[in-house]
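Note sheet for the following structure.
Please treat every number below as a calculation from the coordinates, not as lab data. Predicted model only: the values in this text are computed from it and were never measured. We place every Cβ from the backbone using ideal geometry, glycine too, and count neighbours over all the protein chains shown.
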């Protein structure tokens, strides 16, 4: 089997596994699947869960596309060859409760037909209200997974996430970060191509158990003020995804399936002019939306 | 008086005039002003109206800034000189009712200290539900104003607006368009510098009477379905402003006053996965979000 077919198969299985896990965690709603084909080659399976017990809106996308890259993209990537294959699994979950964080994960593989390849990915957590112990749990899960593959990964990818998941115009991180990596291959790490695929899959399998720990306050009471704050934090999430997120920009520019790309946006979001935090919890959360915090300590 | 001081004074007066007009039209709320200074030179007056009878959230910004342009901007503009002055008035209004359109206007002047200058601006209407007669009224107002200055302006600037106020990734215009122009000076038009300022001010004075005509259905009953549709159309407005709008991008990249730049975003917006229109009015509106419609006929 060609390596790219193996990646495709493994990522499809990963999507299945995560959807099964999330349906169990939600306890009420099921995923609805839309399969789609890409004009230039390949396609995907977009799976959306809505109006669940835990999840208001969530998407788990799988795609495997191939074809010819437009010049704007080969220039941006700094590559010569333009025949590509790309596959990945992308997740964004928006829970009902402001006491449960938004979460995002993406693992992806990219190759050109001249043999160039790389893996990319990331997982980050966006609590509406930051709870230190839960942020610590999350980073511990990621570190454990990273350490099993390469002891250098966690520290390096944690800094990368702080820099990537950042609303520059607000001088604010999106949440408590996580890990982010791109263009990872055997030249840029201690791992072989096959081991990098294993790392991607391990990260994918960390997703459900790591998120389950974050849902401990799913049934806590919610005040109207907490709901209002959640909608504003979702507004910041929209800002990040539309202004900075590379995957979103790539999708919009290459005319991908819009509904799959923008499934990352919440059902509802708010912007309030010149809002100043009205509670200690809001204030403390804002103060922790900074780069460089060691959540493990 | 130097020309740039004249522009600044006239634009300040224009902001005053429009705010007075809008308070009268609203009938309940008043503008609140935040004055701000820019670190590199100049500043502005952001005026926000909220929770009015007609308007849910509206901003009328005036700014006059000067200083040194970063290289990224001089490169993007294709200019050598980097000492600049820029002044403008920017407006976005989000009404309560889905039966009243969102409206945007901007008039601006830019000069470099080597004598290079240009005017830019635009005004466009985003009805949640398109009403042909109201779109016609709006375009007639704009054509009347344009024709009084240069008979070529309306046709040229109408096409420019169709192309500019366009959500490429949705293949959808933002609304029924209007006019848009940029880098207008005596070389690119039949008008002198002074006459171009007059044109900008005429356009500014067209704003209130043109919008008043659009508010005829402000007290019509609103169904929950119409409200839901309004929130989704606002979502598209957010997409345009964060993904494409040049003024917003310029502001975010040059670290302008964020709350003034993002006052254009609505209080609330929604995204519903793969939404299909559920009424004739929704469907007909979508069908008219196309370039090249002659609203005057």
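Tabulated values for the structure
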{"item": "Selected from B:15, B:168, B:230 as most flexible by GNM, with chain B as the system and alpha-carbon contacts under 10 Å", "result": "B:168"}
{"item": "FRET efficiency estimate (nearest 0.05) - Cβ-Cβ, residue B:297 to residue A:297, R0 51 angstrom", "result": "0.15"}
{"item": "Residues B:77, B:142 arranged by fewest to most Cβ contacts within 10 Å", "result": "B:77, B:142"}
{"item": "Shielding by partners, peptide A:46-56 (average Cβ within 10 angstrom, other chains)", "result": "1"}
{"item": "Position residue B:221, label points 7 Å along Cα→Cβ, spacing to each other copy in nm (shortest first, one decimal)", "result": "3.7"}
{"item": "Neighbour-count order for B:208, B:19, fewest beta carbons within 10 angstrom listed first", "result": "B:208, B:19"}
{"item": "Projected label distance in nm at residue B:219 and residue B:253, using a 7 Å step from Cα toward the beta-carbon", "result": "4.8"}
{"item": "Tensor-based shape of region B:1-159 (alpha-carbon gyration tensor, a/c under 1.5 rounded, otherwise prolate or oblate)", "result": "oblate"}
{"item": "Other-copy label distances relative to residue B:279, 7 angstrom Cα-Cβ extension, nm", "result": "3.5"}
{"item": "Cα gyration tensor shape of chain B, rounded if a/c is under 1.5, else prolate or oblate by comparing a/b with b/c", "result": "prolate"}
{"item": "Relative contact order %, chain B, counting alpha carbon pairs below 8 Å whose residues are six or more apart", "result": "17"}
{"item": "DSSP bridge orientation in region A:3-287 - percent antiparallel, rounded to nearest 5", "result": "100"}
{"item": "Cβ-based exposure ranking for A:20, B:116, A:46, A:221, in which fewest neighbours within 10 Å come first", "result": "A:221, A:20, B:116, A:46"}
{"item": "Normalised contact order of region B:173-273, rounded percent, pairs of Cα under 8 Å and 6 or more residues apart", "result": "26"}
{"item": "Extension reserve of the residue A:156-residue A:75 stretch, reckoned as 0.36 nm per residue once the Cα distance is removed", "result": "26.5 nm"}
{"item": "Gyration tensor (alpha-carbon) shape descriptor, the protein assembly as shown, a/c threshold 1.5", "result": "prolate"}
